[in-house]
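Below is one structure, written out as structure tokens; the observations come after it.
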Amino acid sequence: MTLAGLAWGTGGPTGALLGHTGLTPTATSFWRLATAALWLAIARRITRRGPARPVFAATPLRHLASGAGLALCQLGYFAAIPRVGVGIATVIALGAAPILITLAARERLTPSVLAAITGLTLLTATTGTTNLTGIAAALASAVGYSATTILNRNTPDPLTTAYLGFATGAAFLLPFAALPTTRSAWLLIAYFGLIPTALAYTLFYKALTTLKASTTALIALIEPVVATALGLLLFQEHLTTTSLIGAGVLLAAVATHASHE
């Protein structure tokens, strides 16, 4: 699960680089899911998995809902950013998810979860504005992420589950598709689909077979810490004292919670 969080953390910087190529956030969301589905189709072929169609046909509503959740997670987050800023969008989208997942799974809301959300707030919510539409979009992103988490607990084949989710999610986002126009954009999309998406979500669904849903959601909060570190290295971004304290609180909360599992 920690590896999944680390892989997810490279997604933000990759998305930022794709923005510099002229690709819109919604088109980026489509290509992220579509490319991930392609990578996992290749992985399924290499590992000689059986046909995916019978797996989908066995529980079509679950896979459709999971794909819709993935699509909503992407669209909600990107719709929130221009309205409330990256910081507030991240706090709401990622911070609300552990609470929603804990409640939906009927698990106990621990002090570690609340401490991690506090750390996330200190780390990311340094700037932003209040906008009800943006807040609603960020909450929608949290709902989408929470839905795909709850729906895919204890899946017998995480790789196929992720493949079907991405393929379905990409189909929902197809109206927003636009072709990249540069070679660098295609290379970034290939990476975006492979590491922070195909690999990360497959590991995430695998972790859901052995860990509580709330625990996996909490450990996933290391994503913004990794993204912040990469921002410092790749984009010469500056880390404030408050953000540094937030990162420390978040990591400590995750470590404390994981040690009690």
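The values are calculated or read from the model by the stated rules, or taken from the named source; none is laboratory data. No experiment lies behind these values; they were computed from the predicted model shown. A quick note on method: Cβ atoms are made from the backbone with ideal geometry, for glycine too, and the neighbour counts reach across all protein chains shown. To get the accessible areas, we keep the full protein, side chains included, count just its heavy atoms, and leave off ligands, DNA and RNA. Shrake-Rupley method; radii C 1.70, N 1.55, O 1.52, S 1.80 Å.
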Next item on the list: Evaluate the stretch 197-213: report whether one residue or more is in contact with a Ser or Thr (Cβ under 8 Å, 6 or more places away or on another chain) and modelled with pLDDT under 80.
Entry: yes
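Would you point out the residue of the stretch 184-214, among those that are of a type in the set (F, W, Y) and under 18 Å from G9 (Cα atoms), that is surrounded by the fewest Cβ atoms within 10 Å (Cβ to Cβ)? I'd like the intermediate steps shown before the answer.
Of the residues in the stretch 184-214, the ones of a type in the set (F, W, Y) are 186, 191-192, 201, 204-205.
In the following step, the residues that additionally are under 18 Å from G9 (Cα atoms) were identified as 191-192, 201, 204-205.
Values: Y191: 17, F192: 24, Y201: 26, F204: 24, Y205: 25.
Among them, the one singled out is Y191.
Residue by residue, here is whether (1) over 30 Å from A255 (Cα atoms); (2) among the hydrophobic types (A, V, I, L, M, F, W, C) holds:
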site	(1), (2)
G19	yes, no
W31	yes, yes
I42	yes, yes
L70	no, yes
Checklist line | Considering residues of the stretch 1-39 that are modelled with pLDDT of 80 or more and among the aromatic types (F, W, Y) only, the residue farthest from C73 (Cα to Cα) | finding: W39
Next item on the list: Write out, first by first residue and then by second, each pair whose Cβ atoms fall under 9 Å of each other, whose residues are 6+ apart or on separate chains, and whose first residue, in the stretch 191-209, is outside any helix (DSSP H, G or I) while the second is open to solvent by less than 30 Å² (accessible area, probe 1.4 Å) and among the β-branched types (V, I, T).
Entry: L208/T149; L208/T155; L208/T216; T209/T155
Next item on the list: May I ask you to list the residues in the stretch 98-110 that are without any contact (Cβ under 8 Å) to a residue 40 or more places away in the chain and either in a helix (DSSP H, G or I) or buried (at least 16 other Cβ atoms within 10 Å of the Cβ) (or both)?
Entry: I99, L103
Check: When the stretch 149-176 is examined, which residues are found to be touching a Ser or Thr at 6+ places or on another chain (Cβ under 6 Å) and either under 20 Å from L199 (Cβ atoms) or not in a loop (DSSP other than H, G, I, E, B) (or both)?
Finding: L151, N152, T155, P158, L159, T161, A162, G165, L173, F176
Notebook entry, point to check: Which of the residues that make up the stretch 146-178 are open to solvent by 20 Å² or more (accessible area, probe 1.4 Å) and among the aromatic types (F, W, Y)?
Noted result: Y163, F172, F176
Item checked: Residues (over 22 Å from T148 (Cα atoms) and open to solvent by less than 20 Å² (accessible area, probe 1.4 Å)) located in the stretch 86-97 -> G87
Note to self: Take the conditions part of a helix (DSSP H, G or I), at pLDDT 80 or above, within 25 Å of T26 (Cα to Cα) and open to solvent by less than 10 Å² (accessible area, probe 1.4 Å) and apply them to A142. Does it pass?
What the structure shows: yes
Margin query: Checking the conditions here, which among T118, T181, T133 is outside any helix (DSSP H, G or I) and either of a type in the set (G, A, S) or open to solvent by 30 Å² or more (accessible area, probe 1.4 Å) (or both)?
Written below: T181
